[in-house]
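Values in this text are rule-based calculations from the coordinates and carry no lab data. Fair warning: this is a prediction, and the values are worked out from it, not measured in the lab.
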Amino acid sequence: MSLQIFAKLLNLVEPHIHKKNTPYGEPNPARMPLYVTLTYLATGVNIRTIATNFSLGKTTVWEILTECLPALGAALKNDYVE
């Protein structure tokens, strides 16, 4: 995927992704959850492998996917999905 297409997709999805502040630090920028989700969709590997590759916990990856996948659908449904 080119950087231009990724940036366009990020602009479409970013309003749908809720950034959560925690007492442990700042939330990840919206590009990180999108990158994790696109990697998951493109490779089809399991969540444990994605978690290891991104140095994240399995629960964190699961939360990213459950938030970002519906956001992708909502962002793309008007223009790309009938």
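The table below lists the values:
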{"quantity": "Projected area, mean over directions - region 35-79, Cα convex hull, nm²", "calculated": "3.0 nm²"}
{"quantity": "Relative contact order of the chain, pairs being alpha-carbon contacts under 8 Å that are 6 or more residues apart, as %", "calculated": "34 percent"}
{"quantity": "Long-range tail of P(r) for the chain (Cα pairs > 23 Å, %)", "calculated": "20 percent"}
{"quantity": "Folded to 0 to 90 degrees: helix 3-13 orientation relative to the chain principal axis, Cα", "calculated": "90 degrees"}
